[in-house]
Amino acid sequence: MTRDETQVGVILRELQERAKELNCLYKVDELLNRPDLSLEEIFLAMIGVLPPGWQYPHDCQARIVFEDQVIQPPDFAPAPFVQSANIVVQGEVAGSVEVSYRVQMPKSDEGPFLKEERKLIETIADRIANHVMQRRLKTAFEGLSAAADGLASDKGEWRVVLEFLRDTDPVLLRRISRKLINHLSWGGVQEAKELLQRDGVATLADAAIPGDENRPLRRDVPARFVDLTTEAFRIASQHLSESEILSCVTTWIKEEKCSFLVRCLENLATSLGEVIEAIERYQHSAVEESELSLSTQKGLRVSLIRRFFSENLEFINIAKNFIEVKDFYDLLGRIIFPPDCHGKLGGKSAGLFLAKKIIEKAPEANGQLRQVKVPRTWYITSDWILNFVHHNELEDVLNWKYMEIDQVRQEYPHLVALFKSSSFPSELAKGLSLALDELGERPLIVRSSSLLEDRAGSAFSGKYKSLFLGNQGTKEERLAALMDAVAEVYASIFGPDPTEYRAERGLLDVHEEMGLMIQEVVGQKVGKYFLPACSGVAFSNNEFRWSARISRGDGLVRLVPGLGTRAVDRVNDDYPVLIAPGQPNLRVNVTVEEVLKYSPKRVDVINLEANAFETVDSLELLRYCGANYPQIRHFVSIIEHDRIEQLVGPVPDFGTRDVVFSFEGLIQKTPFVARIRELLTLLQAKLGTPVDIEFAYDGEDFYLLQCRPQSYSGDAVPVAVPQNLPADKVIFSANRFVSNGKVPEITHIVYVDLEGYSQLSDQAAMRDVGRAVGRLNKLLPKRQFILIGPGRWGSRGDIKLGVPVTYSEINNAAMLIEVARQRGNYLPDLSFGTHFFQDLVEASIRYLPLYPDDPQTAFKEEFLHHSRSVLEELLPEFAHLSDTLRVIDVPKETGGLILRVLMNAELDQAVAYLSPPRQREGQPESDVGVIDRTGEEHWRWRFRMAQRIAAQLDPHLFGVKAFYLIGSTKNATAGPESDIDLLLHLQGTEDQKRELLLWLEGWSRCLSEINFLRTGYRTEGLLDVHLITDVDIAQRSSYAVKIDAITDPARKLPMKEA
Amino acid sequence: MAQSVVSEPIDMGTEVRPSVPGQAPKKPTKAFNSFQIAQTQFDKVAEYLGLDPATRDLLRYPLREFHFAIPVRMDDGSVKVFRGFRVQHNDARGPGKGGIRFHPQETIDTVRALSMWMTWKCAVVDIPLGGAKGGVICDPHNLSLREQEQICRGWVRQVARNVGPLTDVPAPDVMTNSQHMLWILDEFEQIHGGRYPGFITGKPVGMGGSLGRTEATGYGVVFTLREALKELGIRPEDTTASVQGFGNVAQYAIELYQRLGGRVIAVSCWDQADQCSYTYRKLAGIDLNQILSITDHFGGINKQKAKDLGYELLPGEAWLEQDVEILIPAAMENQITGDNVDKISPRVRIIAEGANGPTTPEADTQIKERGILLIPDFLANAGGVTCSYFEQVQSNMNYFWEKDEVLGKLDLKMTSAYFAVSELSRREKLSMRDAAYAIAIGRVAKACHDRGWV
């Protein structure tokens, strides 16, 4: 995207002026915040800092008149061009601030002055006034406490207060008197009750006298009020001790001092800007939150949390214990908000802010945890996006979400382009520019922080965009790039994937706004690259345990070098290092081969020269960085022949040594893992739920990047395990080492008989079992069969321990089950899938160990043993294994039932039971349009399309004898990416075959395009056509076995009639 | 006596993965027991050699076995007791030699079988070492490194009096590596108060390890191959070869073979991404350094880059079908089977088994019938154990040779071993495999006899 450069240029020039003005204001604030200086000293310094804030500082002079003093520079000369503002303290003009030019300057908004300069001078006068007021009050208080100290035993102490208030603030005194009476009457003091009543009645009586409306009631009030005050304090002195009265009065005075904040927050109409101003005022009022009454404290906190972060009650309930008013101070300067803002900062910001405050404040957080940092962040409030849309008159997009998903998908690229070429509201552009000034040339990440993200249960992670920026170059370039990124992230809220996701979860009608976080990227510069030493994600609960010694609460860390993107997402060709923080020394990978295979091979970094996010080869990165990689000794290990060694001695030349990111030193020699464990434990305890955090480590400091409940992370949600299932329907159950998840539609069970396998006479037979399983893996419907076998699947050493298979021989299974049978008094260890553990994790293949000898669990051996096995029909060449290896076609054996496995790690329970399959009746009407969002539409649509192709295929023209459907479309398991597998029985000529393939190719491409519009998945054609001949059928070779097959047979579709 | 006596290699299972009988099993009678299989194999050779009953009785069983408990304080403070073994099958020809295995379902019979195999393995290359094996029932996947260290130290404390550089020399094995060996060595030296680097082999270079170990197995294969070619009167520069596998053994075998003047035209390897193997072919001969530059740590060749460099990409099995004089299976067991043996080109003269057990017995028979010279695995890949012996020798005298010296001595050992086997095979019309076993067992039997044990 190229942006109109002049627009940026104008903005920047204006911004330079604003920056000067802000700078001036900062300096004024700085001076006012120095209690060690007298007012006169402050003013004297101030006349020096004012001129640089004006347009022509060189000829500018400033003067402050206060009470009877005139503070001006020695060379002050009366000038004709003056801008001045009064200093008004407690409603009275106490002085003025003046700025003037000694010589004539070009004409502008107000003489030679800008309108912004008018605002500036008024703000400065206002701040001075506030400050004077504060000083006065402070002096008064000091007088008060001196009096209190001096008169500690003197009876008339509260009278000093009374007198003081009568003179300085009668309104306040009146409110305090009221509170005192209330206080006394709640305390059961009869006199006070009467006083309260009398006062109320009197008022009522006054109002009730007819015809007396014109009587001037007010005149009477001061006298009554004085009485009331005197009376109240008189009663109080009889019932309360001196110190009690004094402490009540002090608290109330302080509360009164921040009542403006309460009022501001209570009024829903106040904009965020006003709230922020009120907080700033409160900050300068020097009131400690702890000096306020508890109810006021709570009220303030809750209102602020609600205003800035979230209306979510659960969140507020926890947050109010940790987030104080003063915590907002450093947030305020970094919020970019539109005028009249009512937006929030969004879910991600809220989660992170709260987590940080918990770490800072929880008493159990130790020093190490207290050092956890959060990267410098600027926040863009959620309503900016609407503002942006209005500004560019793009209101149409707000209703995009109700369009058909394929339409959204088709239009989306144009929308992104449109957003990127839209202009930014100038306030937003200014805000972004300010942010860039503060953040400097550090690489940045623009992260979405939407309102929906804090709704329980909806895992929006990754649905909206997060963009990395190199943030290198001139200010203009950097600002343009940042604006570009913001526009793109904004567009992503209207993208097809989030829209579809929301539709599926009934969240379409929820009002969604997106806040943004502009965050500096954690890391260090190493040559041309910028990267954190390592990053990752950590979970309170470990759902993928690789050893029986690891418990669920031991947690899980996925750690990668460089940016954490590769740890957050599962990338199928690379692996993060897995650590269970509760058992950091039990590794998934033990042998050199395992460590090498499952180590991170690529690293995400920011290339400062290219000014872009990049993925680089980990070895090349190490060779490039060498010893400059932060904490290199703790991060890599050398492969020394048959073992993995930590770096000891000089850092070797990585060009000549085999080296691997193992994090071994980090795990063993630093408190890194212990800190993550403490962090997880603390956050889980305080938030009351297992958490999922993202973090980064730059080699020195540990940064928290995100914190949310683990249940938001989608993948592994505990499912309800039905309790009263009829015993005859349960095939097996488990109560140990259960993870979360469900495997709902199992049609085939591959069962390796425990006894049969151990009785096999030689290793060749055992290897045959492995090979047969590998063949079944290709033959059975993908993710619809489970493997049940003895001991350790994938055993490579002593294969008596378990069926020798490689990952590629089981990669289509839905689930891997290992059975540990008692032998004598010895219970064999299970592998927990060790041999391909990380492959299972990344592919979400479930693992479950079974202990059938436990009387608490079920294991229906007779079903597994006596159901008819279809092995011989499927793989006649492995018929000799029929005593050991059994394949059960569940629907066939049970009259149409399927097997469901439900697993709940919270309860440590799993059950597999027979149940009717999902309903698959009914025909949706449209072919492209309406998509039912149950997940069924993919196969249904494909099925209809296959029927249509068959119906239009002229069998004589193309020489086709029969048309079959096989694979996922036939099995009703097709997903958005699936092919349509067709099996065509040919008996025509080569020419006919060519013609046919051409004809089908046309269909294939068309369907692929339609599928893309429906689902967003790009495929190279959607049809997968298999051709067979009479010879194949006779020999039952190739796909011909599918025709009239015993299990999973091909389905014949009618073709066009001649 | 011209009949085949040992039609099948001995199956010891596990890490050595020798070849395995592959016929369809009848109704299983009992679970197989690798020790019984090893004894049966021995019995057949003993019969052929006409060993007396006492010798047979002695060699059918280990001389000594140690079974012991290793209590270990675990990281969580609890104590767990592990079971450890050391089996010394025979030390008539020299100190026992054999690995220490960590395995969750280790059995004493597996260890016995493996120790017997070590005895034969050392004898066939005529190095003065006997056979032993040890292990601990444990799964390192369930143990922290500290716990593993305690197991290692505990193991040696139990047998410190019964092992040593002059009695029994351990080495790394399944799920143990040089790290474990250094812990064991250190504990042994603490107990005995001295430095005994000769107690362990498989140590890192600089900690008593030998140079040349990386090359040893691959070079050893080619040393025997070179001798075989000489016997057949074929000049290496007139030959071509096809290699299965591209790991350590294959890489060094190719390097030396090409230095001898031969031309490797095809090499196959496993492709991690596609989960299948491919054969890469260049009829003009592969450029080893070029291919190495596009190969990962596991011997996986980058498919795309290979294509770009002009290599033909063929199915994994194609390595076997090439029109070459020499086949070197150097990947894994059971690769040449009854199903594919007839695909071997008529041009093939020699098969050198770089891997353990790449040929099934069924294929073995056909290869023999076709008159192809097969150099059996436990001779062809004995370069590894020979180099371990050199490591022990160097450690004992605390003087370490240059690599050339190690490899020169290796050449000598392999060559004479080959000659002995080949000579017997010719003279007795035995297959090379049978001859190798006969020589090995014969040498051990003679040592026992000479010592007056039997």
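Out of A:LEU32, A:LEU39, which single residue is in contact (Cβ under 8 Å) with a residue 60 or more places away in the chain, of a type outside the set (D, E, K, R) and surrounded by fewer than 19 Cβ atoms within 10 Å (Cβ to Cβ)? Write out each step before concluding.
Numbers: A:LEU32 fails: surrounded by fewer than 19 Cβ atoms within 10 Å (Cβ to Cβ).
Step by step, each of A:LEU32, A:LEU39 is checked, and only A:LEU39 is in contact (Cβ under 8 Å) with a residue 60 or more places away in the chain, of a type outside the set (D, E, K, R) and surrounded by fewer than 19 Cβ atoms within 10 Å (Cβ to Cβ).
Name the single residue that is farthest from the other protein chains (Cβ to nearest Cβ) among those in the stretch B:34-74 being assigned to a helix (DSSP H, G or I) and of a type in the set (Val, Ile, Thr). Applying the filter and picking the extreme gives B:THR55. Entry remark, the stretch A:540-596: residues being surrounded by fewer than 21 Cβ atoms within 10 Å (Cβ to Cβ), at pLDDT 90 or above and away from chain B (no Cβ under 14 Å) number 0 in total.
The residue that is surrounded by the fewest Cβ atoms within 10 Å (Cβ to Cβ), among those in the stretch A:419-472 that are among the charged types (D, E, K, R) and either modelled with pLDDT under 85 or in contact with a Gly (Cβ under 7 Å, 6 or more places away or on another chain) (or both), is A:ARG455. Considering the conditions (1) among the hydrophobic types (A, V, I, L, M, F, W, C); (2) touching a Phe, Trp or Tyr at 6+ places or on another chain (Cβ under 7 Å); (3) within 22 Å of A:VAL803 (Cα to Cα), A:LEU881 is excluded by exactly one of them, (2).
Evaluate the following for B:ASP238: is it closer than 30 Å to A:ASP839 by Cα and acidic (Asp, Glu)? Taking the combined requirement at face value, the residue does not satisfy it.
Each row is one residue, and each column tells you yes or no for (1) part of a loop (DSSP other than H, G, I, E, B); (2) among the small types (Gly, Ala, Ser).
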site: A:GLY649; (1), (2): yes, yes
site: A:ARG657; (1), (2): yes, no
site: A:VAL660; (1), (2): no, no
site: A:VAL673; (1), (2): no, no
site: A:THR689; (1), (2): yes, no
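Conditions (1) of a type in the set (Gly, Ala, Ser); (2) outside the structural domain of A:ASP126 (by TED's automatic domain parsing); (3) part of a helix (DSSP H, G or I); (4) surrounded by fewer than 13 Cβ atoms within 10 Å (Cβ to Cβ), marked per residue:
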site	(1), (2), (3), (4)
A:GLY9	yes, no, yes, yes
A:ASN23	no, no, yes, no
A:GLN61	no, no, no, no
A:ALA77	yes, no, no, yes
A:GLY95	yes, no, no, no
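On the stretch given as the stretch B:149-180, residues that are free of Cβ contacts under 8 Å to residues at least 60 places away in the same chain, in a helix (DSSP H, G or I) and at the interface with chain A (Cβ under 9 Å from one of its Cβ atoms) total 2.
Name the helices (runs of 4 or more DSSP H) wholly inside the stretch A:181-288 in which the number of residues that are modelled with pLDDT of 80 or more and within 19 Å of A:TYR329 (Cα to Cα) is 2 or more. I'd like the intermediate steps shown before the answer.
Values: elements: A:190-208, A:220-239, A:242-257, A:259-266, A:272-284.
Result: A:259-266, A:272-284.
Within the stretch B:301-311, the residues that satisfy the criterion of being surrounded by fewer than 15 Cβ atoms within 10 Å (Cβ to Cβ) and either more than 16 Å from B:ALA273 (Cβ to Cβ) or touching a helix residue (DSSP H, G or I) at 6+ places or on another chain (Cβ under 9 Å) (or both) are B:ASP308, B:GLY310. The residue that is nearest to the other protein chains (Cβ to nearest Cβ), counting only those in the stretch B:196-213 that are over 21 Å from B:ASN248 (Cα atoms) and at pLDDT 95 or above, is B:ILE200.
Counting only residues that are part of a helix (DSSP H, G or I) and modelled with pLDDT under 85, which one in the stretch A:113-127 is surrounded by the fewest Cβ atoms within 10 Å (Cβ to Cβ)? Among those that are part of a helix (DSSP H, G or I) and modelled with pLDDT under 85, it is A:LYS115.
Within the stretch A:864-880, residues that are closer than 20 Å to A:SER1037 by Cα and in a helix (DSSP H, G or I) reach partners that are among the β-branched types (Val, Ile, Thr) and modelled with pLDDT of 90 or more with beta carbons closer than 6 Å, at six or more positions or on different chains, in the pairs A:LEU871/A:VAL887. Out of A:VAL605, A:VAL521, A:VAL557, one residue alone is within 22 Å of the chain's Cα centre (by Cα) and closer than 30 Å to A:TYR1017 by Cα. It is A:VAL605. Among the residues here, B:ALA132 qualifies as more than 14 Å from chain A (Cβ to nearest Cβ), under 30 Å from B:ASP434 (Cα atoms) and either in a loop (DSSP other than H, G, I, E, B) or among the aliphatic types (A, V, I, L, M) (or both).
Regarding the stretch B:75-85, can at least one residue be identified that is within 13 Å of another protein chain (Cβ to nearest Cβ) and among the aliphatic types (A, V, I, L, M)? No; the residues of the stretch B:75-85 include none that is within 13 Å of another protein chain (Cβ to nearest Cβ) and among the aliphatic types (A, V, I, L, M). Applying the condition of being more than 15 Å from A:GLY789 (Cα to Cα) and away from chain B (no Cβ under 12 Å) to the stretch A:819-836 and asking which residue is modelled with the highest pLDDT yields A:GLY824.
Checking each residue in the stretch B:222-237 for being surrounded by 15 or more Cβ atoms within 10 Å (Cβ to Cβ) and assigned to a loop (DSSP other than H, G, I, E, B) picks out only B:ILE234.
Quick one: is B:ILE127 crowded, with 19+ Cβ neighbours inside 10 Å, under 30 Å from A:GLN668 (Cβ atoms) and away from chain A (no Cβ under 14 Å)? Answer is no for this residue.
Matching residues to (1) within 18 Å of A:GLY988 (Cα to Cα); (2) out of contact with any Lys or Arg (no Cβ under 9 Å at 6 or more places or on another chain):
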residue	(1), (2)
A:THR1019	no, yes
A:VAL1025	yes, yes
A:ALA1040	yes, yes
A:ARG1051	no, no
A:MET1055	yes, yes
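Taking the stretch A:892-908 as the range and being on the phi < 0 side of the Ramachandran plot and out of contact with any Asp or Glu (no Cβ under 7 Å at 6 or more places or on another chain) as the test, the residues that pass are A:LYS892, A:GLU893, A:THR894, A:LEU897, A:LEU899, A:ARG900, A:VAL901, A:LEU902, A:MET903, A:ASN904, A:GLU906, A:LEU907. Among the residues of the stretch A:842-858, those that are assigned to a loop (DSSP other than H, G, I, E, B) and within 30 Å of A:ARG558 (Cα to Cα) comprise A:SER844, A:ILE845, A:TYR851. One residue alone among A:GLN684, A:GLN706, A:GLN631, A:GLN710 is under 17 Å from the mean Cα position of the chain (by Cα), away from every other protein chain (no Cβ under 14 Å) and more than 30 Å from A:GLN909 (Cβ to Cβ), and that residue is A:GLN706.
Going by what's in this entry, would A:ALA610 be described as over 14 Å from A:GLY562 (Cβ atoms), more than 14 Å from chain B (Cβ to nearest Cβ), surrounded by fewer than 21 Cβ atoms within 10 Å (Cβ to Cβ) and touching a residue at least 40 places away in the same chain (Cβ under 8 Å)? Don't jump to the end; show me each part of the working.
Values: over 14 Å from A:GLY562 (Cβ atoms): yes; more than 14 Å from chain B (Cβ to nearest Cβ): yes; surrounded by fewer than 21 Cβ atoms within 10 Å (Cβ to Cβ): yes; touching a residue at least 40 places away in the same chain (Cβ under 8 Å): yes.
Yes.
In the stretch A:983-1005, what residues are touching a helix residue (DSSP H, G or I) at 6+ places or on another chain (Cβ under 7 Å) and among the aliphatic types (A, V, I, L, M)? A:LEU983, A:LEU986, A:LEU996, listed by residue number. Under the condition of being of a type in the set (D, E, K, R) and within 11 Å of chain B (Cβ to nearest Cβ), the residues counted in the stretch A:779-818 number 5.
The values are calculated or read from the model by the stated rules, or taken from the named source; none is laboratory data. Because the structure is predicted, anything quoted here is derived from the model rather than measured. Quick reminder, even Gly has a Cβ in these numbers, built from the backbone with ideal geometry, and neighbours come from all protein chains shown.
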